[in-house]
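The values are calculated or read from the model by the stated rules, or taken from the named source; none is laboratory data. All values reported here derive from a predicted model rather than from experimental measurement. Quick reminder, even Gly has a Cβ in these numbers, built from the backbone with ideal geometry, and neighbours come from all protein chains shown.
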Amino acid sequence: MNLRSVNTAQVPVVDRYERPLRSLRLSVTDRCNLRCRYCMPEPEYVWLPREDILSFEEMATLVGYCADLGVDKVRLTGGEPLLRRDLPRLVRLLLQDRRITEVALTTNGVLLAEYAQALYDAGLSRVTVSLDTLRPDRFRRLTGRDEFSRVLDGIESVGKVGFSDFKLDTVAIRGFNDDELSPLIEFAKHYQAEVRFIEYMDVGGANEWSMDKVLSQDMILDALARRYGRIAPMPERGAAPAQRFHLPDGTIFGIIPSTTAPFCAQCDRSRLTADGLWYLCLYAGSGIDLRKPLRMNEHPEQMRQIIRSGWAARRDRGAEARKALEQAGLREGGLIEIDRLREDPHLEMHARGG
Ligand code: SAM
Ligand code: SF4
Ligand code: SF4
């Protein structure tokens, strides 16, 4: 078949389980200025080669092809996305495409105070700051860096510049921050933010994961019910990863139960690494290389065909598969062995974007 004769632009695609292609996590760098123990605990990492890292224009072009097939939301992530110079320019570039209705950012907050205004001016729709503790000593222990006060400055700046959609994401870790659930809810309330507790996942390999460190959705709800009284779930979450709840006083918070109650059945997310590998699942062992055909100036129709056929063949339900192993007593430690991680940096969370 002559691909150039078939115009597949603007036709949305669904995968093998009828899940549409809608939300794209765009990792703009694999580098990070923190070393969170659940994400980058190793002293040394193999970084993606600089010449392979996509320019903003290349990223926008690939996002455009994805938009042709249904993507309308983009989340900038990493690594730490604010380490990528001039990120507001990328936000502007992506929003020039009217089909992209939302560009969001997930950041550790360290550099946020510097960039909040410029990001807002560029049209960034939502900001999520990852914050696991309110205690500077714990922060240092968890992240290996003394940057707690800069993260607080970043959080402060989000309110000042006027972002209306502001979330704090907390990885809930048993034996580490289980005593900070309600302080984090109160802290978020003060900044008119919504906190979301994420269950600790065994994604990647170097993540120090074990099931006994997972503070599950049920444990979180029990602890909060003891503190606040009745907690009610909000209506259906659709394709959103978080189930939202409200406290008796109306305060809303979310839980992302990725480990104990995965939401693969509704998952419309894929991930593009900073060097242009497209992963159809957070747990996928390999990605589809979009950089190579892009840099070979493949015809747009061929680019769309690569993306369309990749998504149409998608069967991934990674977190559900991990849970099934757990239930069969076969899940031990991390997903991937350290030696394999050294050979392929894409296997880590900080490369494929959280
Ligand atoms: N550096 C940015 C940040 O930390 O917000 C963006 C990238 S980070 C990989 C994205 C999200 O993944 C963060 O909220 C982080 O807490 C979360 N994350 C990383 N490793 C995780 C793990 N093992 N389990 C659950 N969440 C994890
Ligand atoms: Fe922590 Fe995010 Fe950096 Fe991972 S990428 S080490 S979660 S700040
Ligand atoms: Fe989606 Fe894969 Fe996460 Fe399941 S594990 S929710 S399929 S990215």
Practice problem: May I ask you to list the residues in the range 264-276 that are more than 16 Å from ligand 1 (Cβ to nearest atom) and either at pLDDT below 95 or not charged (D, E, K, R) (or both)? | Solution: Ala265, Gln266, Gly276
Self-check item: Near pairs, Cβ below 7 angstrom, 6+ apart or cross-chain, from the range 41-65 (small (Gly, Ala, Ser)) to any residue that is part of a helix (DSSP H, G or I)
Solution: Ala60/Leu93; Ala60/Leu94
Quiz prompt | Ile255 being within 21 Å of Leu24 (Cα to Cα), within 16 Å of ligand 1 (Cβ to nearest atom) and outside any loop (DSSP other than H, G, I, E, B) | solution = yes
Exercise. Mind telling me which of the residues Leu119, Leu93, Leu83, Leu87 ends up being of a type in the set (A, V, I, L, M), within 16 Å of ligand 1 (Cβ to nearest atom), surrounded by fewer than 22 Cβ atoms within 10 Å (Cβ to Cβ) and more than 23 Å from Phe263 (Cβ to Cβ)?
Key: Leu83
Practice problem: Considering each residue of the range 153-169, count those that are part of a helix (DSSP H, G or I) and farther than 24 Å from Ile255 by Cβ, and give that number. | Solution: 5
Exercise. Using the structure shown, decide if Glu208 is surrounded by fewer than 22 Cβ atoms within 10 Å (Cβ to Cβ), under 16 Å from Arg141 (Cβ atoms), of a type outside the set (Gly, Ala, Ser) and near ligand 1 (Cβ under 9 Å from one of its atoms).
Key: yes
Self-check item: the range 296-332, subset buried (at least 16 other Cβ atoms within 10 Å of the Cβ) and of a type in the set (Lys, Arg), residue nearest to ligand 3 (Cβ to nearest atom)
Solution: Arg317
Quiz item: So how many residues does the range 197-249 have that are in a loop (DSSP other than H, G, I, E, B), within 30 Å of Asp72 (Cβ to Cβ) and more than 18 Å from the chain's Cα centre (by Cα)?
Solution: 3
Quiz prompt | Near pairs, Cβ below 6 angstrom, 6+ apart or cross-chain, from the range 170-191 (within 15 Å of Ser216 (Cα to Cα) and in a loop (DSSP other than H, G, I, E, B)) to any residue that is of a type in the set (Asp, Glu) and within 16 Å of ligand 2 (Cβ to nearest atom) | solution = Asn177/Asp132
Exercise. Quick one: Val110 ticks every box in (1) closer than 25 Å to Asp268 by Cβ; (2) touching an Asp or Glu at 6+ places or on another chain (Cβ under 9 Å) except a single one, so which number is it?
Key: (1)
